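Student: Here you go, one structure.
The values are calculated or read from the model by the stated rules, or taken from the named source; none is laboratory data. Quantities reported herein were computed from a predicted structural model and do not represent experimental measurements. For neighbour counting, all protein chains shown are included, and Cβ atoms are generated from backbone atoms with ideal geometry for every residue, glycine included.
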Amino acid sequence: MSKISPLAYIDPGAVIGENCEIGPFCFIDKNVVIGDNNVLMNSVTVLYGARIGNHNTLFPGAVISAIPQDLKFRGEESTAEIGDHNTIRENVTINRGTAAKGKTVVGNMNLLMEGVHIAHDAIIGNRCIIGNTTKIAGEVTVDDNAVISACVLIHQFCHVGGYIMLGGGTRTGQDIPPYVTVAREPAQYCGLNLVGLRRHGFTAEQIEVIHEAYRIIYDRSISLEERIAKVRSQFPNSPEVDYITRFVESSKRGII
C-alpha cells in the first residue's frame, strides 16, 4: 500500500503503483504512470506524459515531463520515460519528447545530481553519473556507464560514448568517443579513462588494445577512413575496437 501525503495532489487519471511514498506538495498530473516502490520527496512535480519505473528516488524540486523548451513543439503527444533504480536529486528537470523522437529516456541505475537538465528527446543509458548543474541539450545520446562531471554543457545532437569521464566545466559541441577522458577548454581528448575502465573490470590487455586504437584514430597523418580501416585490420576480434570504430564512423558532429 502506498503512503501518500494528504498535502499532495494526484490527478484521478494518474496511475500509482504499490508501496510508493509521495510527500507533501507533490503534484502528479493526468496521463502519468508511476511504478512500484518509488519515493517522491516533498515538492516533486510529475507532469503529463511521465512514465516512471520502479525503485526510483526523486528529491525535492524535481520536475519530470515538463513540455520541451523547443519552439517547434506544437503540443504533440510525447513522453518522458524513467527506468528503475534511479536517484534524481534536487531540482533536476527532465523534459518530455517532441515529434522528433516522441520521448525522452533515462535508463536504469543512474545518478542525476542537483540541478541537472535533460532536454527533449535525449537518451540517457544505464549506470551513468551526471554531476551538479550539468545541462544536456535536445536529442543528445549518452551511452552506458558514462561519468559526466559538474557544470558541463553538451550541445544538441551530440553523442557521448560509454565509460567516459567528462571533466567539470567542459563544453562540447562534438561527439565524445567511448572509454576516454575529456577536459580543458576547448574540449580535448586527454587519454583513456583508466580509473573507470579498471573499476569496470577491463583487463590490462583490453586497455592496451583500446589505447593503441586511439593512437591510430588520432593520427592525423592519414585520412579518417584509413585510420578506421587500419584499426579494424589490426584488432579484428576486439568488441571494444568494434564499438570505437562504429562510433567514429557514425558520428555526425565529428569526435573531439
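Student: State all residues of region 108-147 that are touching an Asp or Glu at 6+ places or on another chain (Cβ under 8 Å) and hydroxyl-bearing (Ser, Thr, Tyr); if no residue qualifies, say none.
Tutor: 133
Student: Pick out the one residue from 210, 176, 148 that is within 25 Å of residue 105 (Cβ to Cβ) and either small (Gly, Ala, Ser) or free of Cβ contacts under 8 Å to residues at least 40 places away in the same chain (or both).
Tutor: It is 148.
Student: From the list 77, 81, pick out the single residue that is surrounded by 17 or more Cβ atoms within 10 Å (Cβ to Cβ), acidic (Asp, Glu) and without any contact (Cβ under 8 Å) to a residue 40 or more places away in the chain.
Tutor: 81
Student: Can you tell me how many residues in region 138-175 are in contact with a strand residue (DSSP E or B) (Cβ under 6 Å, 6 or more places away or on another chain), among the aliphatic types (A, V, I, L, M) and assigned to a loop (DSSP other than H, G, I, E, B)?
Tutor: Total meeting the criteria: 4.
Student: Of all residues in region 214-228, which are in a helix (DSSP H, G or I), under 16 Å from residue 249 (Cβ atoms), under 30 Å from the mean Cα position of the chain (by Cα) and not hydrophobic (A, V, I, L, M, F, W, C)?
Tutor: 214, 225, 227
Student: Then there's this: Taking the condition aliphatic (A, V, I, L, M) and closer than 20 Å to residue 96 by Cβ, does residue 39 pass?
Tutor: So residue 39 does not fit the description; no.
Student: Also: Considering each residue of region 118-171, count those that are among the hydrophobic types (A, V, I, L, M, F, W, C), in contact with a Ser or Thr (Cβ under 7 Å, 6 or more places away or on another chain) and surrounded by fewer than 22 Cβ atoms within 10 Å (Cβ to Cβ), and give that number.
Tutor: Adding up the residues that qualify gives 3.
Student: Residues 155, 200: which one is at pLDDT 95 or above and either in contact with a Leu (Cβ under 7 Å, 6 or more places away or on another chain) or closer than 25 Å to residue 69 by Cα (or both)?
Tutor: Just a single option satisfies the conditions, and that option is 155.
Student: Of the residues 178, 186, which is at pLDDT 95 or above and out of contact with any strand residue (DSSP E or B) (no Cβ under 7 Å at 6 or more places or on another chain)?
Tutor: The match here is 178.
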